[in-house]
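Structure first, commentary second.
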Amino acid sequence: MSHQDWVMVMRLALATFLGAVIGFQREWSGKEAGLRTNMLICLGSALLTLLSIYAFPGDVPGRVAAGIVAGIGFIGAGVILHRTGGTVVGLTTAATIWVVAGIGMAAGAGQYVIAPAATVLVLVTLLLPHFHKPNGQS
């Protein structure tokens, strides 16, 4: 394997690890999209980013990035549920799926500071207290 191959493998491993860190928090919190889901989303986004950079010439990376964002948005929309009584659940899970894809894209593009920094910021955000509005208030 060439040096470039090892770099690409390390980027995939970084993405998988960062997805696992966030996924562990989601799994521990009992959310629908847990450890494996976040790992796979982060890894898949990194893989597609790597392929767009190294396997295709021209402006393909930008188009692939746009496709990842749109496709992940579609997946995130699938986890949002409207319950009777007008409540909506799954918005944080959908947002987490979306940002995990971005972290995977950053890792795949070799952004070794941005990807872990974003992971830390996501964890801080997810660990913030969750405040509920009293019944009957908007």
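Derivation of every value follows stated rules applied to the coordinates shown; laboratory data play no part. All of these numbers come straight from a predicted model, not from anything done at the bench. For neighbour counting, all protein chains shown are included, and Cβ atoms are generated from backbone atoms with ideal geometry for every residue, glycine included.
Data table
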read-out	value
Over the chain: helical MRE at 222 nm, DSSP H runs n ≥ 4 each giving -39500 (n - 2.57), nearest 500	-24000 deg cm²/dmol
Cα-based helix-to-principal-axis angle, 114-127 vs the chain, degrees rounded to 10	10
Peptides 15-23, 120-128 ordered by average Cβ neighbours within 10 Å, highest first	15-23, 120-128
Region 3-127 - Rg and Dmax from Cα coordinates, angstrom	14.9, 57
Using alpha-carbon coordinates, inclination of helix 3-28 to the longest axis of the chain, degrees	10
Rounded tilt (10° steps) of 35-54 against the dominant C-alpha axis of the chain	40
Segments 60-71, 37-48, 99-110 sorted - mean Cβ within 10 Å per residue, highest first	99-110, 37-48, 60-71
S29 paired with Q4, simple spin-label distance in nm, labels 7 Å along Cα-to-beta-carbon	4.0
Efficiency of FRET from Cβ geometry, L51 and V113, R₀ 22 Å, rounded to 0.05	0.45
